[in-house]
Every structure is written in structure tokens, then in C-alpha cells.
Amino acid sequence: MESKEWIEKAKILAVKFADNAPKHDRDGSFPFENFEALKNDGFLGLTVPKIYGGYEESLQTYVGVLETLALGDGATALALTMHLKIFGSEREAQSYPMVWFKEMCLAATKEGKLVNTAATEEGLGSPAGGGIPETIATRTSNGWQLNGEKTFTTMAPLLSYFIILARIDEENSTYLANFLVFREDAGLTIKETWDSLGMRASGSHDIILENISIPENRLLGKRKPGQTNKRSGPGTAWFALGVAATTLGVAQAARNYAVQFARERKPNNQQLIKNNPSVRSRIAKIDLLLHRSRTLIHDAADHWKQQDESINNKTRPLDRVVIAKIDTLNNCIQAVDLAMRVVGGVSLQKKRPLERYYRDVRAGLHNPPTEDRALEQLARSALDN
């Protein structure tokens with residue numbers, strides 16, 4: 001299927017998602033019906049390899065789809081990001097045992113099952129910070145036993161597969177390891193803790209792992225702390241650009257609302273506010289910010305695919321990814337703020353979507369890479385290499 005066909009299908013779904021987004025946001029409920037629609041239209045297999053029944057779409061198509069879906073509901077688009085990035089990044093990294101990657105792919109394409117990582121912990125923060133998880137994996141006579149608690153497990157109400165980051169303490173060494181846990185494994189509990197400022201419908205609950213026994217071959221891979229992770233580069237590219245595209249879609253929705261409002265609003269039978277110079281200036285600034293962000297995202301996606309670092313003084317593909325992510329987040333926050341200034345005080349009303357956009361557009365700030373770490377990466381490229 002052509003990229004534009006996916007975008008057109010996503011536009012139709014975005015309209016539907018926009019209708020139920022206020023209720024799910026208000027209630028903090030998970031949009032099961034949205035994921036049923038995504039399943040029916042094939043979106044759960046968008047990045048899955050073709051040999052397993054997927055569409056194996058590019059990073060460019062992936063970000064375009066996420067931006068479009070986020071026009072309707074940012075929380076649904078963000079949640080879908082977490083599923084799709086697994087397959088897109090693993091196509092490149094090829095780090096998981098093939099038997100399990102194949103199972104997850106077929107489950108996604110044939111049964112509409114979802115997968116996500118569960119790495120973050122209350123005490124650990126983002127694993128990208130280099131911390132050691134408190135979740136413990138202990139060897140047993142039959143395989144492994146897992147104990148711990150994970151936070152920010154997006155799509156927890158609907159996940160079938162959980163990729164768990166845990167520590168292994170053995171042979172006088174500590175290892176970081178990923179394990180595959182199934183929803184039906186005894187000892188897995190979903191703890192419904194998600195009550196957040198933004199992305200309230202993403203179902204990012206805690207999960208409890210209590211004496212979960214799994215076979216030895218569910219170990220997906222292990223490494224020592226500080227050792228290169230085969231998934232780190234592809235994982236960053238697919239995750240960061242997915243978050244950026246989702247955020248851009250939310251900000252575009254805010255822009256569209258402000259533009260429509262300006263075209264129709266005529267206070268006290270005066271002229272339409274679209275003729276007010278300050279309104280015109282703000283709308284123009286919003287379009288500048290969003291165009292810049294979209295250009296950066298697609299530039300990063302293009303260069304990540306090419307992986308061309310042969311030209312001196314050329315910005316590395318991974319640096320382009322983090323530039324796109326941090327600049328897009330800041331641009332979109334500013335754009336939504338400007339949209340609210342156009343609409344005025346009524347933008348704070350719960351019956352209008354702008355206050356939801358205002359909250360949702362901030363969520364990506366806390367997804368890796370965070371701004372401080374991204375800036376340090378850029379500084380290292382400029383000063384230390």
C-alpha cells in the first residue's frame with residue numbers, strides 16, 4: 001500500500017477518534033474501540049516485516065501515520081507508537097531470538113495482539129539514564145523467576161506481550177536483560193495507577209511481577225551495564241521520531257481549531273478576529289513552528305534510512321533524530337500556547353479541545369531522549385569526536 005493510502009485511512013480514523021477523545025480524557029479510560037478500528041484497518045501490522053504478514057512500511061510512512069492519527073487523539077497515536085516501534089527498530093537491530101520476534105509479528109498481524117516494553121521504574125526513572133533496574137531475574141531449575149514493579153506501561157489494559165527490563169546478579173557480575181512475559185503468565189498484575197495530566201487515555205499503568213516463572217528461552221538478550229546495546233540506535237530513531245510526530249499531530253489539531261475559531265469569531269458584531277493583526281501574526285508563527293518541525297522529522301527519517309556519514313561536517317543521522325525530537329517538542333508547546341492566545345479565555349473550557357491539546361503536547365518532553373541528554377549528545381558530537 002502506498003504511503004498516501006495509509007495517510008488517507010488514518011484521516012478517516014482520526015475523525016472517529018476525535019469524537020470519543022474528550023470522554024476518554026475526562027474519565028482516564030482506555031479507548032479499546034480505537035484499537036479495534038486500528039486492527040481492522042491493518043495498522044497494527046504497519047511496521048511488521050512482510051514475511052510475517054505485515055506491511056514493512058518505512059520510517060517516513062510511520063511518522064506520517066502517527067501525526068495524522070494524533071489529529072484525532074494524541075493518546076491513541078502515542079500508544080500505537082509504542083507497539084509499532086518494536087517491529088520497526090527490530091527489523092534493523094535483529095537482536096531478539098527469531099522464534100519470539102516471529103511469534104510477536106504473527107500475533108500482531110493475524111490476531112491484532114499488542115506488544116510494548118516495560119522498562120521504567122519509580123526509582124529508576126528512564127533506563128536511558130544508565131540506572132540499574134530493581135526488577136530481579138533469578139535463575140531456577142526450569143528457567144527464570146521475575147520479581148519487580150514497572151511504571152509507564154503504555155497500553156497495559158490491552159497488551160499481550162511485555163518486554164521486561166530486569167537485572168541478573170550472578171557470577172559476581174550484574175547484567176541488564178530483557179525477558180518476554182505473556183499476559184497470561186501467573187504472577188503478572190496490572191495495577192491501574194495512570195491518572196496523569198496529559199495523555200490520560202494511554203493506559204500507562206504500573207505492572208506487578210510477582211514470582212513469575214518463565215522458561216529459559218524467554219531471555220531475549222543480556223549485556224553488562226555500559227555495554228553497547230544493538231537496539232539503542234534503531235530504538236532511539238523509531239521511538240523519538242514517533243513521539244515527535246505524535247506531538248506534531250496534537251499541535252496541528254490545536255492550530256486547526258484556532259484557525260477555524262478565528263475565521264468564525266466576531267465579538268459584539270465587530271469584524272472577524274481573523275483580521276486582527278495580532279491574531280494573524282500568531283497564526284503565522286504557529287505555521288512556521290509546525291512546518292519547521294515537520295521538516296526536521298522527515299529530514300531525520302530520510303537520513304536515518306540512508307545512514308550516510310561519509311561527508312565531513314555532516315550532521316550524523318542519530319543527531320538529526322534528537323534534534324528533530326527536542327526541537328519539535330518545544331515548537332509544539334509554543335504553537336499550542338499561541339493557539340490558546342488566539343482563542344482567548346474560552347480556550348480553558350473543558351468543552352473545547354484546546355485545553356486537552358495543551359496538556360497532551362507536553363507529555364513527550366519526558367520520553368527519551370530528554371532535552372538535557374539530547375543536548376549532551378549533540379555537544380559530544382561537536383566537541384569530543
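The values are calculated or read from the model by the stated rules, or taken from the named source; none is laboratory data. This is a predicted model, so every value here is computed, not measured. Don't worry about glycine lacking a Cβ; one is built from the backbone with ideal geometry, like all the others, and counts go over all protein chains shown.
When every residue of the stretch 167-175 is checked against the conditions, at least one turns out to be touching a Pro at 6+ places or on another chain (Cβ under 6 Å) and within 21 Å of GLU121 (Cβ to Cβ). Of all residues in the stretch 367-382, one or more are within 21 Å of SER89 (Cα to Cα) and among the β-branched types (Val, Ile, Thr).
Residues that are surrounded by 20 or more Cβ atoms within 10 Å (Cβ to Cβ) and hydroxyl-bearing (Ser, Thr, Tyr) within the stretch 198-218 comprise SER202, SER204, listed in sequence order. Taking the listed residues GLU184, GLU149, GLU171, GLU210, the one that is at pLDDT below 95 and either among the charged types (D, E, K, R) or under 19 Å from the mean Cα position of the chain (by Cα) (or both) is GLU171, with no other qualifying.
The lone criterion from (1) assigned to a helix (DSSP H, G or I); (2) surrounded by 14 or more Cβ atoms within 10 Å (Cβ to Cβ); (3) in contact (Cβ under 8 Å) with a residue 12 or more places away in the chain left unmet by GLU33 is number (2). Of all the residues in the stretch 266-291, those that are of a type in the set (Lys, Arg) and in contact (Cβ under 8 Å) with a residue 24 or more places away in the chain number 2.
So for the stretch 51-62 (the condition being part of a helix (DSSP H, G or I), at pLDDT 95 or above and surrounded by 24 or more Cβ atoms within 10 Å (Cβ to Cβ)), does at least one residue qualify? Among the residues of the stretch 51-62, at least one is part of a helix (DSSP H, G or I), at pLDDT 95 or above and surrounded by 24 or more Cβ atoms within 10 Å (Cβ to Cβ), which makes the answer yes. Being modelled with pLDDT of 95 or more and exposed (fewer than 14 other Cβ atoms within 10 Å of the Cβ) is true of HIS291. Evaluate the following for VAL259: is it over 23 Å from the mean Cα position of the chain (by Cα), assigned to a helix (DSSP H, G or I) and surrounded by fewer than 18 Cβ atoms within 10 Å (Cβ to Cβ)? When the stated conditions are applied, VAL259 passes them. I'd like to verify a number: residues in the stretch 342-368 that are surrounded by 16 or more Cβ atoms within 10 Å (Cβ to Cβ) and closer than 24 Å to ARG280 by Cβ, how many? Within the stretch 342-368, residues that are surrounded by 16 or more Cβ atoms within 10 Å (Cβ to Cβ) and closer than 24 Å to ARG280 by Cβ number 10. Within the stretch 219-242, the set of residues being of a type in the set (Ser, Thr, Tyr) and in contact (Cβ under 8 Å) with a residue 12 or more places away in the chain comprises THR236 only. On inspection, THR193 qualifies as within 24 Å of ASP73 (Cβ to Cβ) and β-branched (Val, Ile, Thr).
Within the stretch 364-378, residues that are assigned by TED's automatic domain parsing to the domain that holds CYS332 and under 20 Å from ALA77 (Cβ atoms) have Cβ atoms under 7 Å from residues that are surrounded by fewer than 20 Cβ atoms within 10 Å (Cβ to Cβ) and among the small types (Gly, Ala, Ser) in these pairs: PRO368/SER126; PRO368/ALA128; PRO369/ALA128, counting only partners at least 6 apart in sequence or on another chain. Output yes when any residue across the stretch 36-48 is of a type in the set (Ser, Thr, Tyr) and either farther than 24 Å from GLN252 by Cβ or at pLDDT below 95 (or both), and no when none is. Scanning the stretch 36-48, I find no residue that is of a type in the set (Ser, Thr, Tyr) and either farther than 24 Å from GLN252 by Cβ or at pLDDT below 95 (or both), so the answer is no. Within the option set LYS285, LYS305, being touching a helix residue (DSSP H, G or I) at 6+ places or on another chain (Cβ under 9 Å), modelled with pLDDT under 95 and either closer than 30 Å to GLU122 by Cβ or in a helix (DSSP H, G or I) (or both) holds for one residue only, LYS305. If I filter the stretch 219-233 for residues that are within 17 Å of the chain's Cα centre (by Cα) and surrounded by fewer than 20 Cβ atoms within 10 Å (Cβ to Cβ), do I get at least one hit? Yes, the conditions are met somewhere in the stretch 219-233. Restricting attention to the stretch 340-369, the residues that are in a helix (DSSP H, G or I) and not hydrophobic (A, V, I, L, M, F, W, C) add up to 11. Confirm whether PHE43 is under 12 Å from LEU80 (Cα atoms) and either buried (at least 16 other Cβ atoms within 10 Å of the Cβ) or without any contact (Cβ under 8 Å) to a residue 24 or more places away in the chain (or both). Yes: the conditions hold for PHE43.
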